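The structure appears right after this line, and notes come after that.
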Amino acid sequence: MLTPARLALASVLSLSVLALSACGDSGDETASDGAGSSTEAGSSGVECTVDDITVEGELGATPTVTLPDDCDPPATLLSTDLVVGTGPAAEAGDTVETNYHLVTWSDRQVLDSSFERGETFPLENLGNAPVIDGWNQGLLGITEGSRRLLVVPPDLGYGQGGNGIAPNETLVFVVDAVSVS
């Protein structure tokens, strides 16, 4: 049976990141000192790539994410391995025990971090898990021991927002695959 904290964590990833952040991060950290989101008036017209995003920190440790301010958030899901693990690759239906760090693009705020809470999140039934589509799609194929950067556009995240997420918010996750089963 899942503990109350894990139930809250699962419902937050599927329904509302705000409830999850209430359990952990105070939201006082920023991911970078960059300007406001390029989703606002004055966008650059050039979409960012994974190469434009800087992630510092070792596998297993809380990462630091720096987002650029000279390009627009991508309109499609971006996924790249920052560290490639040697364990089994996650397939549809698998359980991936994860640690993750979430930064919102528009305000560069750390909204949630399981690293900071010291508790992993079990992503059960990958591909059909009760989480955002960006996770179900973006974590397929991750190998145990990997660190993956996911940049999730609004249509694969929380869309029109609510519950602490701004409308049309792009979400940036750094996810460590602690185990795959």
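Taken together, the values in this text are just the output of simple stated rules run on the coordinates, not laboratory data. Just so it is clear, the model here is predicted, and its values are computed rather than measured. So basically every Cβ, Gly included, is an ideal-geometry build from the backbone, and we count neighbours across all protein chains shown.
Some notes on this structure:
- Relative contact order of region 99-148: 23 percent, from C-alpha pairs under 8 Å at least 6 residues apart in sequence.
- Structural size metrics of region 136-179, computed from C-alpha coordinates, are Rg and Dmax of 12.1, 34 Å.
- Size of charge dipole - region 46-181 - debye, nearest 20, with Cβ of Lys, Arg +1 and Asp, Glu -1, no other charges: 200 debye
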